[in-house]
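This is the structure I have questions about; it appears just below.
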Amino acid sequence: MIAFPPRMILAAAIASVILTPVQAAESIAEAFTNGKTNVSFRLRYEDVNDDAAEDAEALTLKSRITFTTDSYKGFSALLEVDDVTELDNVTYTDGVTNRGTTPIVDPEDTDVNQAYLAYTTGATTVKVGRQRILLDNQRFVGGVGFRQNEQTYDALSITNTSLPDTTLFYSYISSVNGITGTDVEHETHLVNAKYTGLPIGALSAYYYSIELEDADDSLDTYGVRLSGSKPAGDAKILYTAEYATQENVGGTAEPDYYVVEGGVSVAGVTAKLGYEVLGSDEGVGFNTPLATKHKFQGWADMFLATPGAGIEDLYFSVGTTLAGIKLLAVYHDYESDEGSLDFGDEWGFLAAKSFGKNYGLELKYASYDAGKDIAKEDKSKLWLTATAKF
């Protein structure tokens, strides 16, 4: 159930009163009849070989239908429903039921993925309801869109772009609808300001206060991120730098986070070298509970929870497109932030092909070799995915 506290409803009501609406449809009925419906399907085979548990495989189909109304006096609405169905017998541990295998977190479920009311006036948009929230590169707040059941948020959000080259974002989250289909009650605040007017790239500053409703403390994260590119003859130089610090209110640990990444794109080939650290303080690792973690530290998902000693990830990637096929190879070398412990390494490979605007195929593989100083075993994962959207 999507439930919002009184202060959240009051804030939305105040916003709807003080803002001047933009009109499109001439009636509520017209807003619905002029609405758009989109349908998409994602068929995926996943195979996992794990030296620490019984191997697992899954063949799942995600079906999604999305209806978006036209705007009426600045108001619009969106409803999106997902269904995830296992096309074979469910024999794997799916994140809800433990069946004794290595997990594949794609449980069968039919769920409201998004359902929100939006109000837009000028450069300001207010949304209330279950919605997608993707901030910056999703390292701290994202949707875990790779999994069949996406992570979405029951929230009030406000986005404003009235200042030149600036996007201001605020959200109050009352519940997180996770990838297993369960709702976790929150009292979380997100603030993000992004400025794209600098000659060197986009600069973001953020404050995220993540608090579970029944918890006695919160996880406060403050950070700044710069990402950009510059032409250099026939090439393009790519660069990213980010730093954040984290405080567990009610605790004493204050671990840091930082990443530096450089790259070059030339003759259709893009290569990147990066170094990302989720630090450790007093035996507590830097935590990113709302992140799209699959994008970072390897596709084998071996470090979804940061070890107490922290983790350093030295990574390299090279990608190109040949005959319309996107190709990407990624290598990660892992060590602890404290003690320089060997956490292992990982290779990842991806090949993806689009067929027009409506269809796609993707083959993805990850192989993790455990280090000598960590209680993990070797693991490999293979995904074959077909998509269609209309």
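Are any residues in the range 233-248 farther than 20 Å from Asn192 by Cβ and touching a residue at least 12 places away in the same chain (Cβ under 8 Å), and if so, which ones?
Listed by number, the residues that qualify are Asp234, Ala235, Lys236, Ile237, Leu238, Tyr239, Asn248.
So, one more: Could you say which residue among Ile65, Ile133, Ile104 is over 24 Å from Trp383 (Cα atoms) and out of contact with any helix residue (DSSP H, G or I) (no Cβ under 6 Å at 6 or more places or on another chain)?
When all the criteria are applied, what remains is Ile133.
Test Gly263 against the stated conditions and say whether it is over 23 Å from Thr188 (Cβ atoms), surrounded by 15 or more Cβ atoms within 10 Å (Cβ to Cβ), touching a residue at least 60 places away in the same chain (Cβ under 8 Å) and not basic (Lys, Arg).
No; evaluated as a whole, the condition is false for this residue.
Could you list all residues from the range 263-308 that are part of a loop (DSSP other than H, G, I, E, B), farther than 15 Å from Glu346 by Cα and aliphatic (A, V, I, L, M)?
Of everything in the range 263-308, those that are part of a loop (DSSP other than H, G, I, E, B), farther than 15 Å from Glu346 by Cα and aliphatic (A, V, I, L, M) turn out to be Ala267, Ala291, Ala305.
Would you point out which residue out of Ser174, Ser227 is surrounded by 15 or more Cβ atoms within 10 Å (Cβ to Cβ), more than 30 Å from Val105 (Cα to Cα), of a type outside the set (D, E, K, R) and in contact (Cβ under 8 Å) with a residue 40 or more places away in the chain?
Ser227
Which one of Thr33, Thr85, Thr68 is β-branched (Val, Ile, Thr), in contact with a Lys or Arg (Cβ under 6 Å, 6 or more places away or on another chain) and over 30 Å from Ala370 (Cα atoms)?
When all the criteria are applied, what remains is Thr68.
For the range 48-92, give me each residue that is of a type outside the set (A, V, I, L, M, F, W, C), part of a strand (DSSP E or B) and closer than 26 Å to Gly348 by Cα.
Asn49, Asp50, Glu54, Glu57, Thr60, Lys62, Glu86
Here are some residues: Thr102, Thr110. Which one is under 23 Å from the mean Cα position of the chain (by Cα) and surrounded by fewer than 14 Cβ atoms within 10 Å (Cβ to Cβ)?
Thr110
Each row is one residue, and each column tells you yes or no for (1) in contact (Cβ under 8 Å) with a residue 24 or more places away in the chain; (2) of a type in the set (Lys, Arg); (3) outside any loop (DSSP other than H, G, I, E, B).
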| position | (1), (2), (3) |
| --- | --- |
| Arg99 | no, yes, no |
| Ile104 | yes, no, no |
| Pro107 | yes, no, no |
| Asp111 | yes, no, yes |
| Ala115 | yes, no, yes |
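Within the range 178-200, is even one residue small (Gly, Ala, Ser) and touching a Lys or Arg at 6+ places or on another chain (Cβ under 9 Å)?
Within the range 178-200 (the criterion being small (Gly, Ala, Ser) and touching a Lys or Arg at 6+ places or on another chain (Cβ under 9 Å)), the answer is no, since none of the residues qualifies.
So is Tyr222 in contact with a Phe, Trp or Tyr (Cβ under 7 Å, 6 or more places away or on another chain), closer than 21 Å to Leu278 by Cα and in a strand (DSSP E or B) or not?
The answer is yes for Tyr222.
Within the range 60-92, track down each residue that is surrounded by 20 or more Cβ atoms within 10 Å (Cβ to Cβ) and modelled with pLDDT under 95.
Tyr92
Further question on the same structure: Against the definition (assigned to a loop (DSSP other than H, G, I, E, B), free of Cβ contacts under 8 Å to residues at least 12 places away in the same chain and either of a type in the set (Gly, Ala, Ser) or surrounded by fewer than 19 Cβ atoms within 10 Å (Cβ to Cβ) (or both)), how does Asn137 come out, yes or no?
Spelling it out, it is not the case that Asn137 is assigned to a loop (DSSP other than H, G, I, E, B), free of Cβ contacts under 8 Å to residues at least 12 places away in the same chain and either of a type in the set (Gly, Ala, Ser) or surrounded by fewer than 19 Cβ atoms within 10 Å (Cβ to Cβ) (or both).
Additional query: Return the pairs, sorted by first residue and then second, in which the second residue is not in a strand (DSSP E or B), the first residue lies in the range 29-48 and is among the β-branched types (Val, Ile, Thr), the beta carbons are less than 7 Å apart, and the residues are 6+ apart or on different chains.
These pairs meet every condition: Val39/Phe390; Val48/Asp55; Val48/Thr102; Val48/Ile104.
Conditions: (1) at pLDDT below 95; (2) in contact with a Gly (Cβ under 7 Å, 6 or more places away or on another chain). Glu261 meets all but one. Number of the miss?
Of the numbered conditions (1) at pLDDT below 95; (2) in contact with a Gly (Cβ under 7 Å, 6 or more places away or on another chain), the odd one out for Glu261 is (1).
The values are calculated or read from the model by the stated rules, or taken from the named source; none is laboratory data. Just so it is clear, the structure is predicted and the values come from calculations on it, not from any experiment. When we count neighbours, we look across all protein chains shown, and the Cβ atoms used for this are built from the backbone with ideal geometry, even at glycine.
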